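Student: Structure below; questions to follow.
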Amino acid sequence: MGSDSDRVTALIDKLALEFKVRGMGVPSFFLGIETVLLSGGMLLSQQRYMKDILKCAGMVDCKSVITPVSSAKITDDVVVPYADPTQYRSLAGALQYLTRVLRYVKGTLNLGLRISRSTSMDIHAYSDSDWAGDPNDRKSTSDFAVFCGTFFD
């Protein structure tokens with residue numbers, strides 16, 4: 001059968017026949033995602049990227065929130081725009097990639113995705129819905145998550 005490293009080497013050799021392949025070592029930080037090696041797997045985190053965005057927006061010390069969606073009714077309060085439009089455009093571009101609201105980002109700095117080996121092929125699916133839960137337009141919201149393998153040992 002061979003080991004996992006033998007399979008990886010064979011796959012890289014096959015890819016090299018069609019594409020230019022270059023070994024860059026163990027991944028550490030790429031496209032805003034940091035990899036941290038753990039025993040039995042790795043953790044994918046955007047903590048460093050999120051801290052950079054909070055710093056750029058001047059919100060390092062802001063109060064965090066537990067959800068990026070406000071449950072309060074939206075009012076017509078006056079919003080003060082950024083004085084420097086360059087800073088706003090830069091921040092807007094960063095947020096398009098991160099897709100989180102800054103105060104929510106602050107509350108999720110220590111979260112990440114742990115990836116580890118599993119011998120199980122069990123499928124776990126979860127869903128949630130909130131019928132007419134939006135206080136402004138009474139629209140319903142829902143979401144789901146599906147996992148394959150051992151779920152949180």
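Any read-out appearing in this document is the output of simple, stated calculations on the displayed coordinates, not a laboratory observation. The structure displayed is predicted, hence computed values, not measured ones. Heads up, the Cβs are rebuilt from the backbone with ideal geometry, glycines too, and the neighbour counts pull from every protein chain shown.
Student: For a quick protection proxy, order the peptides 19-28, 4-13 by their average other-Cβ count within 10 Å, most packed first.
Tutor: 4-13, 19-28
Student: Under a 5 Å amide H to amide H cut-off, with H placed in plane at 1.01 Å, what residues pair with R114 once short-range neighbours are removed?
Tutor: Long-range HN contacts for R114: L44.
Student: Expected output is a single nm value to one decimal: the length gained when fully extending between R100 and F144, i.e. 0.36 nm times separation in residues minus the C-alpha distance. What is it?
Tutor: Additional length available on full extension: 14.1 nm.
Student: Using θ = phi - 60° and the Karplus curve 6.51 cos²θ - 1.76 cosθ + 1.60, what whole-Hz ³J(HN,Hα) does each residue of region 10-22 get, with Gly and Pro shown as x?
Tutor: Calculated HN-Hα couplings, in order: 5, 5, 4, 4, 5, 5, 5, 5, 10, 10, 6, 10, 9 Hz.
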